[in-house]
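Novice: Before I ask anything, let me first share the structure, which is written out below as structure tokens.
The values are calculated or read from the model by the stated rules, or taken from the named source; none is laboratory data. Computed from a predicted model, the values in this text were never measured in an experiment. Note: ideal-geometry Cβ built from the backbone for every residue, glycine included; neighbour counts use all protein chains shown.
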There are 2 protein chains.
Amino acid sequence: MTQIDAVLAHIDANIDASLARMQELVRFKSISTDPAFKNECRKAAEWLSAALEDIGFDGSVRETPGHPMVVGHDKDAAEKPGPDVLFYGHYDVQPVDPLNLWNSDPFDPAIVEQKGVKVMTGRGTSDDKGQLLTFLEACRAFKAVHGSLPVKVSVLLEGEEESGSHSLLPFLHAHKDELSKDLALVCDTTMFDETTPAMTTMLRGLVGEEITITAADRDLHSGTYGGPAANPIRVLARILADLHDDQGRVQIPHFYEGVPELSDEVKAQWDALPFDGKAFLGEVGLSIPTGETGYSIYEQINARPTCEFNGISGGYTGDGFKTVIASKASVKISCRLVGQQDPHAIRENLRAFVKARVPADCSVDFAEHGANPAHSLPADFAPLQQGAKALRDEWGKEPIQMGMGGSIPIVGEFKTILGMDSLLIGFALDGDNIHSPNEKYNIESYHRGIRSWARVLAALAE
Amino acid sequence: MTQIDAVLAHIDANIDASLARMQELVRFKSISTDPAFKNECRKAAEWLSAALEDIGFDGSVRETPGHPMVVGHDKDAAEKPGPDVLFYGHYDVQPVDPLNLWNSDPFDPAIVEQKGVKVMTGRGTSDDKGQLLTFLEACRAFKAVHGSLPVKVSVLLEGEEESGSHSLLPFLHAHKDELSKDLALVCDTTMFDETTPAMTTMLRGLVGEEITITAADRDLHSGTYGGPAANPIRVLARILADLHDDQGRVQIPHFYEGVPELSDEVKAQWDALPFDGKAFLGEVGLSIPTGETGYSIYEQINARPTCEFNGISGGYTGDGFKTVIASKASVKISCRLVGQQDPHAIRENLRAFVKARVPADCSVDFAEHGANPAHSLPADFAPLQQGAKALRDEWGKEPIQMGMGGSIPIVGEFKTILGMDSLLIGFALDGDNIHSPNEKYNIESYHRGIRSWARVLAALAE
């Protein structure tokens, strides 16, 4: 029996105890957005700190202006090969409303069979209590079998991920030295499907911007002024219409600078994916992809930048009708970024694009709503290869290098503040109902997730 | 002394009594939109009915589901030359908030000097109690001097003009035979300026339409769907941007069918007007006319049709930001119509224009918000010539044939339901603060307004 085989065997033999610990953690009603559950959040943090102590870490509950962080470092002082790692997860959960749509108590986790598959039900089983425990249970097994971990491990568990992560940035800045490691490991993402593991290696960045056009200095009556008076909705509509061409390409100057084409390897992998773009759009009532011509739907979501209009308002929008020419109209715009696109340059170029189209007697105001660059791991990044090997060994399949259309701010912050890249490996499934009633986590996700992390830890040391 | 000279002399000699009657009428707090003043509305109606009786009419207060109408017909049964006329005015007034901005009690009318000009202050002095009394006082003077009026006169006074005129349509339908005359006279408009009389001969019509674009069947996350998923705000912006060309011309097919060019006479009159388009736009902070190239600002407002966006909404419009791709976006559009433009054809053509631009996997819903055609009197309309003569005689100046950008629904309803055209002559001024604090009516407007109507009545009989 090799070193890892013994650990895997221990995991298998003790899976019931691992599941029992998951149930304990899920029972805390750690809904971070609702002040009524403040104490439940603290109790979850204390339970995790004790769990870290239990496996030989110096677990601690750290105060913040919001819910506490849990931090732990392996007490094992021995020199280790491979990168020092910081594992990140979050112990807070989404609210459970509407409660009447749940088939069982969201905070009384049960192991049941659903469509022939064993799952644990409950809020946070998938997002992110079950997922974070896959890592801690892998460490526990290693310690139980070998008395030590293959690499140097620290852990950071957040309690405000579902409510804006307000304390995270100051906390990272204040504990920069303590938390800066060679690599972050994050378990808060999905597999490609039930049998195909995945690493999320591309996350789109985001630039949020609000644009307000002002025409006349007051609302006007469209009978008295309609015709000669500038209408800010008309001005805005023309600007928005100019922002994409007929091929769906964004017309902001220099927008595509820093947008990489896919590597041949990833392109081949994605072309072979059983991803049904037609079904993906069909599920929400659509059928015609509106992204750039020449890219598949999967590429449009995961590897191409966008410019989306998230909200528009101006004039009278209540019931009935008012013959007003508004003074102002505004739009909220967000650009999803990929590769090396520079969020600040894009904001400036968007503003210049808009200003060039505002009539001389109108004015425009801009407001920032966040900016973070895209995250993408280079193909030759060693931990990526090591993670891929570990997942391949566990699942008997090549793991997919997934893109993710959305952003995970922590990844940008780890890079910017702590100077480290993140390896995102997760075992959740699209059907886990995260943020919805009847959240669940497959028992197989949990069990093989623990085994996968054990293999990753071993692989990182090689 | 001619017949009319004697009447004018009587008006001059009795102006104080006329002013005292105006003060009596203004004292009723006939705010129609506020149920607290229901009884004040009724008292105003009763006062007017009695005033009609006083000058030899069969005045009556007629019940409606809202505030009552006042109707009166001259009891004089003699045959008359010229058209039978129905005079229209309204006795209800706008609310007076904010009261603290008034320099005097809005319902305690006072005759004071403002910038060297004698005015009567008070809510309704200009809109429309003072104005409607100019006509009744003219009738009173004729009766006092000659015992009879030159033409057959009926009167309709409404009590809900400032609150939606909800009872008017059913009332006109129910009393069609009683109220259908050869010509309507309306006193609810302005002079061109303090010394230049005017007849409002062009009123723009209106088509109101609400357009809702639906893309996906639910709101989407812009991280997960941004790129391939249709965005209804983008769809809508492109449609709106297509609705005008760079010369400000509306692009709805057949839109300009029925739009007349100005007659040489009116064109010459308008070109000579001391109307300062630059100042008109400058007053609201604008400087560049956005209507059709090649037409003056005055023409753009009064004689050209428009397509205006009165309100737009879609997606997240609250504080902060939400990376949502909305399911729906909507716009409220109104077209101002002139000449013979057909409101129903324009609605249909607008809808076809929009439908042709909605992607196949999106849908569009339309909702009607009213349709009324433009009103314009033909240049050879006899009462127009007669009115012009009367005003020329009184003011020593050619009266301006004005357009009015807005609509006065009563004019369309008189035409459609009662089959009669309306002659709109008024003596209000732009600075009368109607609908605002410190409403006033110039004493000269009142006095010479009464004289003007006496001359119009005489002219109509010629």
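Novice: Quickly run through region B:260-290 and pick out the residues that are within 11 Å of another protein chain (Cβ to nearest Cβ), among the small types (Gly, Ala, Ser) and over 22 Å from the mean Cα position of the chain (by Cα).
Specialist: Once the filter is applied, which keeps residues that are within 11 Å of another protein chain (Cβ to nearest Cβ), among the small types (Gly, Ala, Ser) and over 22 Å from the mean Cα position of the chain (by Cα), region B:260-290 yields B:Gly282, B:Gly285, B:Ser287.
Novice: Here is a check on your reading of the model: is A:Glu257 more than 13 Å from every other protein chain (Cβ to nearest Cβ), surrounded by 13 or more Cβ atoms within 10 Å (Cβ to Cβ) and closer than 28 Å to A:Ala345 by Cα?
Specialist: Criteria met by A:Glu257.
Novice: Would you check if there is a residue in region A:291-306 being at the interface with another protein chain (Cβ under 7 Å from one of its Cβ atoms), of a type in the set (Ser, Thr, Tyr) and buried (at least 24 other Cβ atoms within 10 Å of the Cβ)?
Specialist: Yes, because at least one residue in region A:291-306 is at the interface with another protein chain (Cβ under 7 Å from one of its Cβ atoms), of a type in the set (Ser, Thr, Tyr) and buried (at least 24 other Cβ atoms within 10 Å of the Cβ).
Novice: Confirm whether B:Ser327 is in contact with an Asp or Glu (Cβ under 6 Å, 6 or more places away or on another chain) and within 12 Å of chain A (Cβ to nearest Cβ). Give the steps one after another, and end with the answer.
Specialist: Values: in contact with an Asp or Glu (Cβ under 6 Å, 6 or more places away or on another chain): yes; within 12 Å of chain A (Cβ to nearest Cβ): yes.
Yes.
Novice: One residue is enough: does region A:218-230 have a residue meeting the conditions in contact (Cβ under 8 Å) with a residue 12 or more places away in the chain, away from chain B (no Cβ under 14 Å) and not small (Gly, Ala, Ser)?
Specialist: Taking region A:218-230 first, the residues in contact (Cβ under 8 Å) with a residue 12 or more places away in the chain are A:218-223, A:225-226, A:229-230.
Imposing the further condition that a residue be away from chain B (no Cβ under 14 Å) reduces the set to none.
Looking through region A:218-230, none of the residues is in contact (Cβ under 8 Å) with a residue 12 or more places away in the chain, away from chain B (no Cβ under 14 Å) and not small (Gly, Ala, Ser).
Novice: Another question, if that's okay. Within region B:184-213, count every residue that is over 21 Å from the mean Cα position of the chain (by Cα) and under 28 Å from B:Arg336 (Cβ atoms).
Specialist: The total comes to 4.
Novice: Do we find that B:Leu429 is under 17 Å from the mean Cα position of the chain (by Cα), surrounded by fewer than 22 Cβ atoms within 10 Å (Cβ to Cβ) and over 19 Å from B:Arg336 (Cα atoms) in this structure? Walk me through it before giving the result.
Specialist: Working: under 17 Å from the mean Cα position of the chain (by Cα): yes; surrounded by fewer than 22 Cβ atoms within 10 Å (Cβ to Cβ): yes; over 19 Å from B:Arg336 (Cα atoms): yes.
Considered against the rule, which asks whether it is under 17 Å from the mean Cα position of the chain (by Cα), surrounded by fewer than 22 Cβ atoms within 10 Å (Cβ to Cβ) and over 19 Å from B:Arg336 (Cα atoms), B:Leu429 comes out as yes.
Novice: Looking for something in contact (Cβ under 8 Å) with a residue 12 or more places away in the chain and within 18 Å of B:Leu19 (Cβ to Cβ) - is there at least one such residue anywhere in region B:429-437?
Specialist: The answer is yes, given that some residue of region B:429-437 is in contact (Cβ under 8 Å) with a residue 12 or more places away in the chain and within 18 Å of B:Leu19 (Cβ to Cβ).
Novice: Test B:Asp193 against the stated conditions and say whether it is at pLDDT below 95 and acidic (Asp, Glu).
Specialist: yes
Novice: Report those helices (runs of 4 or more DSSP H) wholly inside region B:230-333 carrying at least 2 residues which are among the acidic types (Asp, Glu) and out of contact with any Ser or Thr (no Cβ under 6 Å at 6 or more places or on another chain).
Specialist: Details: elements: B:232-242, B:264-271, B:277-282, B:297-302.
By residue number, B:264-271.
Novice: Please list, ordered by residue number, the helices (runs of 4 or more DSSP H) wholly in region A:140-228 having 2 or more residues that are polar (S, T, N, Q).
Specialist: Per the criteria, A:222-225.
Novice: List every residue pair whose Cβ atoms sit under 7 Å apart, with the two residues 6 or more apart in sequence or on different chains, where the first one lies in region B:39-65 and is over 19 Å from B:Asp128 (Cα atoms) and outside any helix (DSSP H, G or I) and the second, anywhere, is at pLDDT below 95 and among the aliphatic types (A, V, I, L, M).
Specialist: Pairs found: none.
Novice: Only one of these is acidic (Asp, Glu), within 14 Å of chain B (Cβ to nearest Cβ) and surrounded by 17 or more Cβ atoms within 10 Å (Cβ to Cβ): A:Glu162, A:Glu209, A:Glu158. Name it.
Specialist: Numbers: A:Glu162 fails: within 14 Å of chain B (Cβ to nearest Cβ); A:Glu158 fails: within 14 Å of chain B (Cβ to nearest Cβ).
Every option except A:Glu209 fails the conditions.
Novice: Those residues that are more than 12 Å from A:Gly159 (Cβ to Cβ) and acidic (Asp, Glu), I need them from region A:45-69; list them, please.
Specialist: Correct list: A:Glu53, A:Asp54, A:Asp58.
Novice: Something else about it: Report yes if some residue within region A:2-22 is buried (at least 22 other Cβ atoms within 10 Å of the Cβ), assigned to a helix (DSSP H, G or I), touching a His at 6+ places or on another chain (Cβ under 6 Å) and of a type in the set (A, V, I, L, M, F, W, C); otherwise report no.
Specialist: Within region A:2-22, none of the residues are buried (at least 22 other Cβ atoms within 10 Å of the Cβ), assigned to a helix (DSSP H, G or I), touching a His at 6+ places or on another chain (Cβ under 6 Å) and of a type in the set (A, V, I, L, M, F, W, C).
Novice: In addition: Under 6 Å between Cβ atoms, at least 6 apart or on separate chains: pull out the pairs that start in region B:93-121 with a residue that is assigned to a loop (DSSP other than H, G, I, E, B) and end on any residue that is of a type in the set (A, V, I, L, M).
Specialist: Between residues of region B:93-121 that are assigned to a loop (DSSP other than H, G, I, E, B) and residues that are of a type in the set (A, V, I, L, M), the close pairs are B:Pro95/B:Ile31; B:Ser104/B:Ala110; B:Pro106/B:Val96; B:Pro109/B:Val26; B:Pro109/B:Met120.
Novice: Return a yes/no flag: does region A:307-322 have any residue that is more than 10 Å from chain B (Cβ to nearest Cβ) and in contact (Cβ under 8 Å) with a residue 24 or more places away in the chain.
Specialist: The answer is no, given that none of the residues of region A:307-322 is more than 10 Å from chain B (Cβ to nearest Cβ) and in contact (Cβ under 8 Å) with a residue 24 or more places away in the chain.
Novice: Between B:Ala367, B:Ala360, which is within 14 Å of another protein chain (Cβ to nearest Cβ), out of contact with any Pro (no Cβ under 8 Å at 6 or more places or on another chain) and either at pLDDT below 90 or part of a strand (DSSP E or B) (or both)?
Specialist: B:Ala367
Novice: A further question on this structure: Restricting to region B:334-357, what's the tally of residues that are part of a loop (DSSP other than H, G, I, E, B) and crowded, with 23+ Cβ neighbours inside 10 Å?
Specialist: 2
Novice: A further question follows. Taking the condition assigned to a helix (DSSP H, G or I) and under 13 Å from the mean Cα position of the chain (by Cα), does A:Ile410 pass?
Specialist: So A:Ile410 passes the test.
Novice: For region A:426-462, how many residues meet the condition of being closer than 18 Å to A:Ile111 by Cβ and either in a helix (DSSP H, G or I) or polar (S, T, N, Q) (or both)? First the steps, then the outcome.
Specialist: The initial filter retains those residues of region A:426-462 that are closer than 18 Å to A:Ile111 by Cβ, namely A:427-429, A:431-433, A:438-450.
Still in the list and also either in a helix (DSSP H, G or I) or polar (S, T, N, Q) (or both): A:431-433, A:438, A:442-450.
Total meeting the criteria: 13.
Novice: Within region B:98-109, is there a residue that is in contact with a strand residue (DSSP E or B) (Cβ under 9 Å, 6 or more places away or on another chain) and among the hydroxyl-bearing types (Ser, Thr, Tyr)?
Specialist: yes
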